[in-house]
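Just below is one structure, and these are the notes that go with it.
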Amino acid sequence: MSQSVRKNLKSTEAASVLLAEDITVAFGGFVAVKGMNLKLHAHDLHFLIGPNGAGKTTMLDVICGKTKPLSGTVRLNDGTELTRLKEHQIVRKGVGRKFQAPSIFGGLTVQENLALAAESQRSPLRTLRIPRYGKISAAMERVIQQIGLQDRVYTRAGALSHGEKQWLEIGMLLLQEPRVLLLDEPVAGMTDEETHKTGRLLQDIAQERSVVVVEHDMEFVREYAAKVTVMHEGKLLKEGTMAEVQEDPRVAEVYLGKRRDDHAVIATN
Ligand SMILES: Nc1ncnc2c1ncn2[C@@H]1O[C@H](COP(=O)(O)OP(=O)(O)OP(=O)(O)O)[C@@H](O)[C@H]1O
């Protein structure tokens, strides 16, 4: 092996932040995920796609500790085995999870929601004390700029648009300084403009973190994915760039074959 090839392999290894190996998940007698592997790298905007029921959300649930696998391990690159930890411990190890519905406090302002997230990062036992004093830390200021809510800082979160609520929740997760950010269909229900703003936001976040997105909107995936993993019936079907994935006839087949019951078709044009 040449020195440059060895050096490249080494740097690829160094950039890996999380490794899920041989994950199997069963719900009662039904095996939803079967021996799935997933490797996440720093600075990746990594999309997880596949037909309905492929096991995508279950994989995110396993990584964040919401679901315990029957077998397999999830490890951070420092060796920490996440599969042995509880959900709140996994958050503190730097894995943030955003669910489809935003879980913000509608009666609190944008600033108060962000302050609450920052406070819970500092001391999880103090989350019941809602900071209402309007103070904006440097970290909060940076996040507000990043999520583009500068003009909404003192607006009640309940009065925000759907897109703004999603960005606020992403901002709350960013204040917890995650190494890995997991998002489930973040652009569902967004306008085209909000969708593009979210795409650019995720690209920006991926400059510093590993971002994993479960997504059905193929136009969005095509435009913003750096890497794509296709799951089908609980297994890894294909991994690569969107172009590589689209060229694989097996991928077209699982989508086109399920055109009727799937709300996304992976057009290959
Ligand atoms: N808690 C549960 N109990 C029983 N079955 C479940 C549970 N959670 C998921 N499943 C099943 O496991 C399979 C995989 O579900 P999962 O939500 O991971 O798929 P997905 O790829 O995210 O699908 P979608 O794109 O429709 O959200 C599905 O058949 C689903 O019905």
Check your understanding: How large is ³J(HN,Hα) for each residue in the stretch 40-52, as worked out from phi by the Karplus curve 6.51 cos²θ - 1.76 cosθ + 1.60 (θ = phi - 60°), to whole Hz, x for Gly and Pro?
Key -> 10, 10, 5, 6, 9, 9, 10, 9, 10, 10, x, x, 3
Review point. Computed from the mean reciprocal separation of all distinct C-alpha pairs, what Kirkwood hydrodynamic radius does the stretch 175-249 have, in Å?
Key: 13.4
Review point. Efficiency by 1/(1 + (r/R0)^6): what FRET value for residue 34 and residue 80, r their Cβ-Cβ distance, R0 = 25 Å, to the nearest 0.05?
Key: 0.50
Check your understanding: Amide H to amide H under 5 Å from residue 155: which residues, 5+ apart in sequence or cross-chain, H placed 1.01 Å off N in plane?
Key -> 110, 111
Check your understanding: From the backbone phi of the stretch 151-166, what are the Karplus-calculated ³J(HN,Hα) couplings (6.51 cos²θ - 1.76 cosθ + 1.60, θ = phi - 60°) in whole Hz, Gly and Pro given as x?
Key -> 8, 10, 3, 9, 8, 5, 4, x, 8, 6, 6, 4, x, 4, 5, 5
Practice item. Give me D for the stretch 52-116 in µm² s⁻¹, whole number, from Stokes-Einstein with Rh from the Kirkwood sum over alpha-carbon pairs, 10 °C and 1.306 mPa s. Key: 116
Exercise for review: Please give the net charge around residue 246, taking every other residue with its beta carbon less than 10 angstrom from that of residue 246, where Lys and Arg add +1 and Asp and Glu add -1.
Suggested key: -1
Review point. From the phi of every residue in the stretch 80-94, what ³J(HN,Hα) in whole Hz does the Karplus formula 6.51 cos²θ - 1.76 cosθ + 1.60 yield, where θ is phi - 60° and glycine or proline is x?
Key: 4, 8, 5, 5, 8, 9, 8, 3, 5, 6, 5, 4, 6, 7, x
Review point. Dipole of the stretch 204-252, Cα-centred, from +1 at each Lys and Arg C-beta and -1 at each Asp and Glu C-beta, to the nearest 20 debye?
Key: 220
Exercise for review: For each pair in 68/135; 56/197; 34/98, compute the distance between the two Cα atoms and list the pairs where it is over 31 Å.
Suggested key: 68/135
Practice item. Return the long-range amide H neighbours of residue 97 (sequence gap of 5 or more, or a different chain), with a cut-off of under 5 Å between placed amide H atoms. Key: 182
Review point. What is the spin-label model distance, in nm, from residue 241 to residue 219 if the labels are put 7 Å beyond Cα along the C-beta direction?
Key: 2.3
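Quick note: the coordinates plus some simple rules give every number you see, no bench work behind them. Note that the coordinates shown come from a computational prediction; the quantities given were computed from them, not determined experimentally. A quick note on method: Cβ atoms are made from the backbone with ideal geometry, for glycine too, and the neighbour counts reach across all protein chains shown.
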